[in-house]
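Written below as structure tokens is the structure these notes are about.
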Amino acid sequence: MVELHLAKVDVAGSSPVFRSNEKAVRKLFWIAFFFISQAERGKVVIVKHEVKKLPKSAVQLTVTLSKETSQQEYNALLKRYQQNVVLPGFRKGKVPNSVLESKFGEGLKMEALQTVVDNSLHELFEEIEEKPLSYSQPEILDKELKLELDQDLVFSLKYDVFPEIKLGEYKGVEVEVPQVSLSDADVDQELERLRDQNSMVVDKASGKVAKGDTVTIDYVELDDAKEPLERTRRQDFVFTVGSGYNYYKIDDEIVGWSKSEEGPLTKTYPADYEDKDLAGRTVRLSVKVTAVKEKKLPELDDDFAQDVNENYKTLADLKAAVKERLTKNLENRLKNRNIEALLDKVAIASVFEVPESMLRAEMEQTWRSFASQSRMEPDQMERIIGSEGKAKLFEDWRPQSESALRRRLVMEKILEIEKMEATKEELEVELVKQAELSKMSLEDARSYFESNGLTHYLEHDIRDRKLGDFLMAAAKVKKGKKTSYLDLMEGKE
């Protein structure tokens, strides 16, 4: 019993190939029909094809190919083999077809099957509307797909397509806008954050451990006989007290210790503790504090302002710049929040299903961003948290990812209906803005975006902004409850 699946086509234009699978486990395959030229494909006679809609914007495509197509491909393949194969007792090109079929018959049928199915799919996907999504993984549904030369070939596959969207009302949607103003306390808090960023870590004069200090410790776990378990030994381990960024979470236990202090430490973990290896255990540790450091914050004065940026001459200059930046942040966050809320309402009123492959691709992108923010490669991150940890993250991200996709899809639908595009004049204005932000000449900026294929990102940004302005202009804006700047920025409003 043999099962087939298409391999992904590479950019060099090599044709997909079928691979056998003796366990007959259904496999996923990629289709990239646009890489294959018509000259590389033989004549295919498609008797009929049927497309059946399935849940979650998937379809089942059933194709019937004429037996003449199969026979023609099989005969052409047999002829090529007959011309080139060399067998003991026969000269090249003189091996009888009956001998070839006896020795290679099943393999020839498999190769012919690959070709006719492959060619038919390339032909169909150029014609039918129900094309697979670029990140969809079509699945052959036939457990046993064989080529019978005296019968029409029938096979089915399942894949995701772009969803059909029945758009809800998007004009005159009511949006509740939170009431937020920037306070002096918000500016002061940002200044404190800048002080923290510019602080220095120095040896603590008292040598006494307190929360917020950076400590270096040596530790090892002890067994019941109070002997060290060498596999748990760590030296020169550095962490900030109160952060919890240590395996045994011994922040509170070492508060009050002094530099060079050494001693035993016992901690009992509840049965439902987050780390299964520690849950329900009482752990004995030998701990030594080898260094205690504290942050020294700079004075909030004119010198500090100049250290932050040489363009600031006084603390007043810095405060004014901070207030201006926070005000812009507030305006942008409010605008984006209001548009998201509006699109969420439109998405709820719209009827469509998000394809699973599209949702998976969205979460994979979130995963790559998560790894990048952690300064790791995605593979390295997965080795650390494990496949179960990654799966758990994906489940946590699923609702948010689906909401983001639904917003994006209804946006694209509205853009299509309203025929919103970025004009040449708008694109030019955007290029000027990007050049100024990057301190580049306009021509250098233009060359950069064009040579790196990034111009379409500018066009998308322009379209999205136009759509946001259009939707908010048509919305029914209602005053919401008062909230703080920090709660709004952290999404807690």
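The values are calculated or read from the model by the stated rules, or taken from the named source; none is laboratory data. None of these values were measured; they are calculated from a predicted model. We place every Cβ from the backbone using ideal geometry, glycine too, and count neighbours over all the protein chains shown.
Suppose the filter is of a type outside the set (Val, Ile, Thr) and more than 25 Å from Pro355 (Cα to Cα); does Lys433 pass it? Yes, satisfied. Only one entry of Asp196, Asp188 meets the criterion of being among the acidic types (Asp, Glu) and either closer than 30 Å to Lys131 by Cβ or without any contact (Cβ under 8 Å) to a residue 12 or more places away in the chain (or both), and that entry is Asp188. Of all the numbered requirements in (1) at pLDDT 90 or above; (2) under 30 Å from Met363 (Cα atoms), Pro138 misses one, and that requirement is (1).
Taking the conditions exactly as written (in contact (Cβ under 8 Å) with a residue 12 or more places away in the chain and under 29 Å from Glu353 (Cα atoms)), does Tyr159 satisfy them or not? Give the steps one after another, and end with the answer.
Values: in contact (Cβ under 8 Å) with a residue 12 or more places away in the chain: yes; under 29 Å from Glu353 (Cα atoms): yes.
So Tyr159 fits the description; yes.
Would it be correct to say that Lys390 is of a type in the set (D, E, K, R) and at pLDDT 95 or above? So Lys390 fails the test.
Residues in the range 41-83 that are acidic (Asp, Glu) and either part of a helix (DSSP H, G or I) or in contact (Cβ under 8 Å) with a residue 24 or more places away in the chain (or both): Glu68, Glu73. Among the numbered conditions (1) crowded, with 16+ Cβ neighbours inside 10 Å; (2) farther than 30 Å from Val477 by Cβ; (3) of a type in the set (S, T, N, Q), the only one that Asn338 does not meet is (2).
Glu127 meets each of the listed conditions (1) touching a Ser or Thr at 6+ places or on another chain (Cβ under 9 Å); (2) closer than 30 Å to Glu362 by Cβ apart from (1).
Within the group Glu377, Glu402, which residue is closer than 27 Å to Val351 by Cβ and at pLDDT 90 or above? Being closer than 27 Å to Val351 by Cβ and at pLDDT 90 or above holds for just one of Glu377, Glu402, which is Glu402. Looking only at the range 51-61, residues that are surrounded by 16 or more Cβ atoms within 10 Å (Cβ to Cβ) and of a type in the set (Val, Ile, Thr) come to 1 in all.
For (1) exposed (fewer than 13 other Cβ atoms within 10 Å of the Cβ); (2) closer than 30 Å to Pro355 by Cβ; (3) under 45 Å from the mean Cα position of the chain (by Cα); (4) assigned by TED's automatic domain parsing to the domain that holds Met358, each residue gets a yes or a no:
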{"position": "Thr69", "(1), (2), (3), (4)": "no, no, yes, no"}
{"position": "Arg80", "(1), (2), (3), (4)": "yes, no, no, no"}
{"position": "Gly89", "(1), (2), (3), (4)": "yes, no, no, no"}
{"position": "Pro96", "(1), (2), (3), (4)": "yes, no, no, no"}
{"position": "Val99", "(1), (2), (3), (4)": "no, no, no, no"}
{"position": "Lys109", "(1), (2), (3), (4)": "no, no, yes, no"}
{"position": "Val116", "(1), (2), (3), (4)": "no, yes, yes, no"}
{"position": "Ser136", "(1), (2), (3), (4)": "no, yes, yes, no"}
{"position": "Asp150", "(1), (2), (3), (4)": "yes, no, no, no"}
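Determine, yes or no, whether Lys158 is farther than 30 Å from Asp487 by Cβ and not in a loop (DSSP other than H, G, I, E, B). When the stated conditions are applied, Lys158 passes them.
Scanning the range 190-231 for residues that are of a type in the set (S, T, N, Q), loosely packed, with under 15 Cβ neighbours inside 10 Å and not in a loop (DSSP other than H, G, I, E, B) yields a total of 1.
Could you tell me which of the residues Leu431, Leu471, Leu488, Leu467 is in a helix (DSSP H, G or I), crowded, with 16+ Cβ neighbours inside 10 Å and either in contact with an Asp or Glu (Cβ under 8 Å, 6 or more places away or on another chain) or polar (S, T, N, Q) (or both)? Write out each step before concluding.
Working: Leu431 fails: either in contact with an Asp or Glu (Cβ under 8 Å, 6 or more places away or on another chain) or polar (S, T, N, Q) (or both); Leu471 fails: either in contact with an Asp or Glu (Cβ under 8 Å, 6 or more places away or on another chain) or polar (S, T, N, Q) (or both); Leu488 fails: either in contact with an Asp or Glu (Cβ under 8 Å, 6 or more places away or on another chain) or polar (S, T, N, Q) (or both).
Just a single option satisfies the conditions, and that option is Leu467.
Select from the range 71-94 the residues that are at pLDDT 90 or above and touching a Leu at 6+ places or on another chain (Cβ under 7 Å) and list them in ascending order. Scanning the range 71-94 gives a single hit, Gln71.
Filter the range 290-335 down to residues that are part of a helix (DSSP H, G or I), among the polar types (S, T, N, Q) and free of Cβ contacts under 8 Å to residues at least 40 places away in the same chain and give me whichever is surrounded by the fewest Cβ atoms within 10 Å (Cβ to Cβ).
Taking the range 290-335 as the starting set, the residues that turn out to be part of a helix (DSSP H, G or I) are 302-308, 315-335.
With the extra rule that they be among the polar types (S, T, N, Q), the set shrinks to 306, 327, 329, 332.
If we keep only those that are free of Cβ contacts under 8 Å to residues at least 40 places away in the same chain as well, we get 306, 332.
Details: Gln306: 16, Asn332: 10.
In this case the residue turns out to be Asn332.
When Lys249 is tested against (1) of a type outside the set (Ser, Thr, Tyr); (2) surrounded by fewer than 15 Cβ atoms within 10 Å (Cβ to Cβ); (3) not assigned by TED's automatic domain parsing to the domain that holds Lys466, just one condition goes unmet, and that condition is (2).
Scanning the range 216-268 for residues that are of a type in the set (S, T, N, Q) and either within 21 Å of Thr282 (Cβ to Cβ) or touching a strand residue (DSSP E or B) at 6+ places or on another chain (Cβ under 8 Å) (or both) yields Thr216, Thr232, Gln235, Thr240, Asn246, Ser258, Ser260, Thr266, Thr268. If you go through the range 232-261 and keep only what is aliphatic (A, V, I, L, M) and part of a strand (DSSP E or B), you end up with just Val238.
Taking Ile348 as the residue in question, decide whether it is assigned by TED's automatic domain parsing to the domain that holds Leu409, surrounded by fewer than 17 Cβ atoms within 10 Å (Cβ to Cβ) and not in a loop (DSSP other than H, G, I, E, B).
Criteria met by Ile348.
Selection of the range 434-464 for residues being small (Gly, Ala, Ser) and assigned to a helix (DSSP H, G or I) yields Ala435, Ser438, Ala445, Ser447, Ser451.
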